[in-house]
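Enquirer: Have a look at the structure that comes next, please.
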Amino acid sequence: MLATQHDSAIGRSLIERLTNARQHTDDLFALVKPDSLYARPIAERHRIVFYIGHLEAFDWNLFHQRVFELKAFHPEFDRLFAFGIDPVGGGLPSDQPSDWPSIAAVRDYVSKIRAILDDKLTQALLDSDLSARDRFPLSTLLNVAIEHRLMHAETLGYMLHQLPLDRKKPHAEVLSLITPTVVHRSIEIPAGVVNLGLPRGSDLFGWDNEYEAHTVDVPAFAIDEYKVTNRQYLEFITAGGYETRTFWGDGDSEDSNDDDWNWKSRQGISHPAFWKHEGDQWLFRTMFEDVPLPLDWPVYVSQAEAKAYARWTGKSLPTEAEWQRAAYATAQATERSDSWRSEARGAAEPAEQLGNFDFARWSPVPVNALSQTHSPFGVRGMLGNGWEWTSTQFAPFPGFEPFPFYRGYSADFFDGKHFVMKGGSARTAACMLRPSFRNWFQAHYQFIYTGFRCVSR
């Protein structure tokens, strides 16, 4: 009886989380003026209309046959909205607005899926033994649906960030701009072991790339106490960083050097995508307005731009293992499993002081704005306020097994062209702040809420 009550409580919690995740994405689509729903704010991504249909199509394709043995009612839409895109090497989509269904037809498709799945999920969660035909429990598939949607709540955020201001409905935002002067220094991290990944069989949900848990020996290094700020990055630009070829290669081969330099030159890139030069001043594009560049906010750049800055300073980007050790390890050779949650339980200050994440704001805050966001070693702001690039190629951990119901989620990106990001942004859901979570993007993608810090070895 107690087990049944426990399972029922978990089921109710998952349904509530799915409902809340839907609200996040519904609210994002509501920001777009109706005549702009066929816009494509970022050339490498689908039009906005695709994502309206995609989120429900993903849930439907995950559940309808695998769990509930339901027949498709609109197989054409199931295929049309099934997959996003991530073009590598410059190939861009060429579809036209007229190639897509009407917004009314897409919203009708969405409404029908929600009604069917909500009814079936409510019934199914009363059966604690129900699982997919590949034997994954229903709770795992629900976590997949929830986190998939929450990931899109963030990626839709940065996509709509690039939509012209006059194509969005105005929204008031209080910006955090003034803090004490940021004093930059490096934190020494002693040599030691770090744990990466989740143990298989853990009660915690994780994506396929988070398995299997393993340890890595990490030599001593020093890491920036704070993320690199707009002020610091402006110094790099002023010093001619974008015009100096030697900063745009990692020294390993001519190919790698040419890749970043040629990308920057071919695209005419001379500053971060979130910056705009107007007259004699730099502006920052927030979601709803252009403001004078907030100098103590973290800079958001591509990995190529982050590497160029790091070379200019004579440093490097951290590896995934170095970042993990700086964030979670302690001098006593132990690890904190979830630092912001453990601090929140005993904090006298409100939880919002523990980090800029979980949709708390649209914009960053100064890197020294949040009083309790330090790791055991004293590295600050590692959770929220912007993801952080690492130098580690996105690759499988030992023992990796793709999810049979989503085989391409990770494996399609083990191509040597995507790199691990850690931490989280203001638009990252709290559930994805777990230490094992791994995000990744191409090195030349500028539009994400991702900053960095440097290391010396």
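The values are calculated or read from the model by the stated rules, or taken from the named source; none is laboratory data. Everything quoted here is computed from the prediction, not taken from an experiment. Cβ sites come from the backbone with ideal geometry, for glycine too, and all protein chains shown count toward neighbours.
Enquirer: Those residues that are acidic (Asp, Glu), surrounded by fewer than 21 Cβ atoms within 10 Å (Cβ to Cβ) and closer than 18 Å to Asn439 by Cβ, I need them from the stretch 201-237; list them, please.
Expert: Within the stretch 201-237, Asp208 is the sole residue that qualifies.
Enquirer: Pull out all pairs, ordered by first then second residue, where Cβ-Cβ is under 8 Å, the residues are six or more apart or on different chains, the first lies in the stretch 199-212 and is touching a residue at least 24 places away in the same chain (Cβ under 8 Å) and under 16 Å from Phe397 (Cα atoms), and the second is in a helix (DSSP H, G or I) and of a type in the set (Asp, Glu).
Expert: Pairs found: Trp207/Glu147.
Enquirer: Still on this structure, I have one more. Tell me, yes or no, whether the stretch 157-170 has at least one residue that is within 24 Å of Phe405 (Cα to Cα), under 29 Å from the mean Cα position of the chain (by Cα) and crowded, with 16+ Cβ neighbours inside 10 Å. Step through it out loud before you land on a result.
Expert: Step one: of the stretch 157-170, the residues within 24 Å of Phe405 (Cα to Cα) are none.
No, because not a single residue in the stretch 157-170 is within 24 Å of Phe405 (Cα to Cα), under 29 Å from the mean Cα position of the chain (by Cα) and crowded, with 16+ Cβ neighbours inside 10 Å.
Enquirer: Could I ask something else about it? Residues Asp208, Asp203: which one is closer than 24 Å to Ala57 by Cβ and of a type in the set (D, E, K, R)?
Expert: Asp208
Enquirer: Another question about this same structure. Kindly evaluate Phe403 against the criterion of being at pLDDT 95 or above and surrounded by fewer than 23 Cβ atoms within 10 Å (Cβ to Cβ).
Expert: Yes; evaluated as a whole, the condition is true for this residue.
Enquirer: Next question. Please give the number of the condition Thr19 fails out of (1) β-branched (Val, Ile, Thr); (2) surrounded by fewer than 17 Cβ atoms within 10 Å (Cβ to Cβ); (3) not in a helix (DSSP H, G or I).
Expert: (3)
Enquirer: Hey, another quick one. Among the residues of the stretch 128-135, is any at pLDDT 90 or above and in the same structural domain as Phe83 (by TED's automatic domain parsing)?
Expert: There is no residue in the stretch 128-135 that is at pLDDT 90 or above and in the same structural domain as Phe83 (by TED's automatic domain parsing).
Enquirer: Additional query: Loosely packed, with under 15 Cβ neighbours inside 10 Å and β-branched (Val, Ile, Thr), is that true of Val88?
Expert: Spelling it out, Val88 is indeed loosely packed, with under 15 Cβ neighbours inside 10 Å and β-branched (Val, Ile, Thr).
Enquirer: Let me ask you something else. With respect to Ala30, determine if the residue is within 21 Å of Leu92 (Cα to Cα) and surrounded by fewer than 18 Cβ atoms within 10 Å (Cβ to Cβ).
Expert: Taking the combined requirement at face value, the residue does not satisfy it.
Enquirer: Turning to a different aspect of this structure: Kindly establish whether Ser102 is polar (S, T, N, Q) and at pLDDT below 95. First the steps, then the outcome.
Expert: Details: polar (S, T, N, Q): yes; at pLDDT below 95: no.
Judged against the criteria, Ser102 is not a match.
Enquirer: Anything in the stretch 54-84 that is assigned to a loop (DSSP other than H, G, I, E, B) and touching a helix residue (DSSP H, G or I) at 6+ places or on another chain (Cβ under 9 Å)? List them, or say none.
Expert: Hits for the stretch 54-84 are His64, Arg66, Val67, Phe68, Leu70, Ala72, Phe73, His74, Phe81, Ala82, Phe83, Gly84.
Enquirer: Taking the residues in the stretch 406-457 that are among the β-branched types (Val, Ile, Thr) and part of a loop (DSSP other than H, G, I, E, B) as candidates, determine which candidate is surrounded by the fewest Cβ atoms within 10 Å (Cβ to Cβ).
Expert: The residue in question is Ile448.
Enquirer: Would you tally the residues in the stretch 385-401 being assigned to a loop (DSSP other than H, G, I, E, B) and in contact with a strand residue (DSSP E or B) (Cβ under 9 Å, 6 or more places away or on another chain)?
Expert: 7
Enquirer: Return yes when Ala321 is within 23 Å of the chain's Cα centre (by Cα), buried (at least 22 other Cβ atoms within 10 Å of the Cβ), at pLDDT 95 or above and under 30 Å from Gln442 (Cβ atoms) and no when it is not.
Expert: Against the criterion (within 23 Å of the chain's Cα centre (by Cα), buried (at least 22 other Cβ atoms within 10 Å of the Cβ), at pLDDT 95 or above and under 30 Å from Gln442 (Cβ atoms)), Ala321 does not qualify.
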